[in-house]
Amino acid sequence: MLTRCLILLLVASALAAPDWTKVNDLFRELINERVIPGGSIIIANETATIYRKNFGYLSYTYQVHDVEVTDTTRYDIASLTKPMATILNAMNLVSSNSLKLDDL
């Protein structure tokens, strides 16, 4: 639940005020606090990619053989289904003015 909320806040803050430094710092903080080992951010609209960045590794072991997250990293979508559904539904509520980012 905490991870889903953090991901939602990360996306919401990126869309509300596209200060990529702030978004990058938040993502690095999640990694440093071992909430996630790494991940990717991609912000896009119907026509273009607005922002893309990769962080960290695929595991917490931090060994020499660990795989860095890249643009071609494949994730197990089973672990992403709930957070993605939550984010998409929340953003739909924001766009229909049923939810305000300040309410989060």
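Of all residues in the range 94-104, how many are modelled with pLDDT of 80 or more and open to solvent by 80 Å² or more (accessible area, probe 1.4 Å)?
4
Only one of the listed residues (Tyr57, Tyr75) is among the aromatic types (Phe, Trp, Tyr), over 25 Å from Lys100 (Cα atoms) and either modelled with pLDDT under 80 or in contact with a Leu (Cβ under 6 Å, 6 or more places away or on another chain) (or both). That residue is Tyr75. Of the set (1) at pLDDT 85 or above; (2) surrounded by 15 or more Cβ atoms within 10 Å (Cβ to Cβ), all apply to Met91 but (1). When residues in the range 22-42 are screened for being open to solvent by 80 Å² or more (accessible area, probe 1.4 Å), modelled with pLDDT of 85 or more and assigned to a helix (DSSP H, G or I), 4 of them pass.
The values are calculated or read from the model by the stated rules, or taken from the named source; none is laboratory data. These numbers come from a predicted model, not from an experiment. Backbone-built Cβ (ideal geometry, glycine too); neighbour counts: all protein chains shown. To get the accessible areas, we keep the full protein, side chains included, count just its heavy atoms, and leave off ligands, DNA and RNA. Shrake-Rupley method; radii C 1.70, N 1.55, O 1.52, S 1.80 Å.
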